[in-house]
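Peer 1: Okay, here's the structure, questions in a sec.
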Amino acid sequence: MSSGQRILGFESSCDETGVALVEVAGDAPPRLLAQALHSQISMHQAYGGVVPELASRDHVRRVLPLAREVLSQARLSLRDVDLIAYTQGPGLAGALLVGAGVAVSLAAALDVPTLPIHHLEGHLLSPFLSIDPPEFPFVALLVSGGHTQLMRVDDVGSYEMLGETIDDAAGEAFDKSAKLLGLPYPGGPHLARMAEFGNPEAFALPRPLLHSGRPDFSFAGLKTAVLTQVKKIGDSPCEQTKADLAASTQAAIVEVLVKKSLLALKATGLKRLVVAGGVGANARLREQLNAACEKRSVRVHYPELSLCTDNGAMIAMAAALRVQRGLTPPGEGGGFAVRPRWELGAA
Ligand code: KG4
Ligand code: ZN
């Protein structure tokens, strides 16, 4: 018998159903016991983006089998679960309700508490699942499909927003540009692959707000510039031209992300950077951040590649780190709510 607490975590905010089991005992780093994930990407691809209603229905289909799989991997049963965590927001309301509904019902049946988790906190703390977790405080660059933010993180639950995008997120810039290039959804990884063979200097694309002097972002203009170039190169450009445009787009996004991260590090005087969210998987971003940070003696931490995009492990881990610090909200009295729009740090 273990003396620790076992936390079952559910993620269902968008197009991935994730379930994971994490164990926390005293001050020791929480341990991931098992995880399972189902991505809906192939289902949404035919529509060129996430269809919310289809997403919710698929979460309904997947969530319990995934929970069973996680428990069986860990050779445990529901009776061994001490707390149930779930993504409360932000995300698609219907999709969130599936994870929240299952989590709260299971908790009621098992008579254990629930812990609602902010999706971005999950991303932010996902590097704690790696073998070389960061120490607090650090600057976090959160780059996902819906968010692009720089934050000062002093501890779990202590987040200060330094800057964010005023329009599109970095992941959206990747996805929308990729769509213009005829690539499937979600475009980020496809565009990155195509960019490997392209010349990043072939097209002069804008770097919005690069010189604003503040850690803020704007990517909507970049998408318009890519559209203009796509029209110029015509209906049947050669593969090399497309690769050049992909590489130039990626270079523009990455240059802005690197410059703004350095600005945030300088403004806070911190020497540690954590990169999280789907775009954190981008190889060029990692390469350029590593080079820039090495020069300035800044340590950069990333989640494992497979944990950059949405997953249940980051939700269970965020819950475990909260439990260790006693940051658990009072009971919810049986009801539950989701928060499709929710600022990290807001009460
Ligand atoms: O964090 P995430 O899984 O979902 C949200 O919470 O939004 O991020 C998904 C985003 C998508 O926009 C996807 O295109 C992007 O991350 N992405 C990438 C790469 N892998 C995922 N963007 C650029 N390069 C990649 N390798
Ligand atoms: Zn996410």
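The values are calculated or read from the model by the stated rules, or taken from the named source; none is laboratory data. No experiment lies behind these values; they were computed from the predicted model shown. We place every Cβ from the backbone using ideal geometry, glycine too, and count neighbours over all the protein chains shown. Each accessible area value is taken on the protein alone, full model and side chains, heavy atoms only, with ligands, DNA and RNA left out. Shrake-Rupley method; radii C 1.70, N 1.55, O 1.52, S 1.80 Å.
Peer 1: Which one, 342, 89, 189, projects farthest toward the positive side of the charge dipole computed for the chain from Cβ point charges (K/R +1, D/E -1)?
Peer 2: Ranked along the dipole, the leading option is 189.
Peer 1: Under 13 Å from the Cα of residue 295, which aspartates and glutamates turn up, not counting those fewer than eight places away in the same chain?
Peer 2: 287
Peer 1: If you place +1 on the Cβ of every Lys and Arg, -1 on the Cβ of every Asp and Glu, and leave all else neutral, what size is the dipole of the chain about its Cα centre, to the nearest 20 Debye?
Peer 2: Details: 32 positive and 35 negative charges, 94 e Å.
Approximately 460 debye in magnitude.
Peer 1: Just to be sure I understand the curve: with the Debye formula and one point per C-alpha of the chain, what is log10 I(q)/I(0) at q = 0.08, 0.10, 0.12 Å⁻¹?
Peer 2: Debye output, listed in q order: -0.38, -0.60, -0.84.
Peer 1: If the cut-off is a Cα-Cα distance under 12 Å, which aspartates and glutamates reach residue 242, setting aside same-chain residues fewer than 8 apart in sequence?
Peer 2: Partners within reach: 196.
Peer 1: Hey, another quick one. How much of the accessible area of the chain, probe 1.4 Å, is carbon plus sulfur, in whole percent?
Peer 2: Values: 7930 of 15090 Å².
Answer for the chain: carbon and sulfur cover 53 percent of the accessible area.
Peer 1: In the chain, what percentage of the DSSP-assigned beta bridges are antiparallel, given to the nearest 5? Intermediate results must be reported in sequence, preceding the final value.
Peer 2: Details: 27 of 44 bridges.
That works out to approximately 60 percent antiparallel.
Peer 1: Would you compute, from DSSP H runs of 4+ residues alone, the mean residue ellipticity of the chain at 222 nm, taking -39500 (n - 2.57) per run and dividing by the full residue count, rounded to the nearest 500?
Peer 2: On the way: 10 runs with 141 residues, N = 347.
Using -39500 (n - 2.57) per qualifying helix, the result is -13000 deg cm²/dmol.
Peer 1: Sticking with this structure for a sec: Please build a GNM for the chain, connecting alpha carbons under 10 Å apart, and tell me which residue among 99, 122, 146 fluctuates the most.
Peer 2: The residue with the greatest mean-square fluctuation here is 146.
Peer 1: On to the next question. Sequence-distant or interchain residues sharing an amide H contact under 5 Å with residue 338, placed H: which?
Peer 2: none
Peer 1: Can you work out the accessible area per residue across segment 200-281, with the rest of the protein chains kept in place, probe 1.4 Å, in square angstrom? Before the final figure, lay out the partial values.
Peer 2: Numbers: 3510 Å² over 82 residues.
Solvent-accessible surface per residue comes out at 43 Å².
Peer 1: Okay, moving on. Using the Karplus equation 6.51 cos²θ - 1.76 cosθ + 1.60 (θ = phi - 60°), what ³J(HN,Hα) coupling, rounded to whole Hz, does each residue of segment 16-33 give in order, writing x for Gly and Pro?
Peer 2: 10, 9, x, 9, 8, 10, 10, 10, 10, 9, x, 8, 5, x, x, 10, 7, 8
Peer 1: Something else now. Along segment 85-97, what does the Karplus equation 6.51 cos²θ - 1.76 cosθ + 1.60 (θ = phi - 60°) give for ³J(HN,Hα), rounded to whole Hz, x for Gly and Pro?
Peer 2: Per-residue couplings from phi come out as 10, 8, 6, 8, x, x, x, 7, 4, x, 5, 4, 4 Hz.
Peer 1: Find, among the chymotrypsin sites (Phe, Trp or Tyr not before Pro) in segment 129-203, those assigned to loop by DSSP (not H, G, I, E, B) with at most 14 other beta-carbon atoms within 10 angstrom.
Peer 2: Values: sites: 138, 159, 174, 197, 203; in loops: 197, 203.
Passing both the DSSP loop test and the Cβ count: 197.
Peer 1: Let me ask something additional. Taking the Cα centre of segment 45-103 as origin and charging only Cβ (+1 Lys, Arg; -1 Asp, Glu), how large is the dipole, in debye to the nearest 20? Before the final figure, lay out the partial values.
Peer 2: Working: 6 positive and 5 negative charges, 31 e Å.
Taking the Cα centre of segment 45-103 as origin, the dipole is about 160 debye.
Peer 1: Moving to a separate point now. Can you compute 3J(HN,Hα) from phi for each residue in segment 71-77, using the Karplus curve 6.51 cos²θ - 1.76 cosθ + 1.60 with θ = phi - 60°, rounded to whole Hz and x for Gly and Pro?
Peer 2: Rounded to whole hertz, the list is 5, 5, 4, 7, 6, 10, 10.
Peer 1: State which stretch of the chain is the longest one without any exposed GluC sites (Glu not before Pro), exposure meaning a DSSP loop state and at most 15 other Cβ atoms within 10 Å.
Peer 2: Values: sites that count: 135, 196, 201, 304, 332, 343.
Result for the longest clean stretch: 1-134.
Peer 1: Remind me, relative contact order of the chain in percent, using alpha carbon pairs under 8 angstrom and six or more residues apart?
Peer 2: Working: 752 pairs, mean separation 83.4, N = 347.
Normalised by residue count, the contact order of the chain is 24 percent.
Peer 1: Taking the Cα centre of the chain as the origin and placing charges on Cβ (Lys, Arg +1; Asp, Glu -1), which of 136, 41, 119 is farthest toward the positive end of the dipole?
Peer 2: About the Cα centre, the residue reaching furthest to the positive side is 136.
Peer 1: At 1.4 Å probe size, what's the solvent-accessible area of residue 271? Round to the nearest 10 Å².
Peer 2: That residue has around 120 Å² of solvent-accessible surface.
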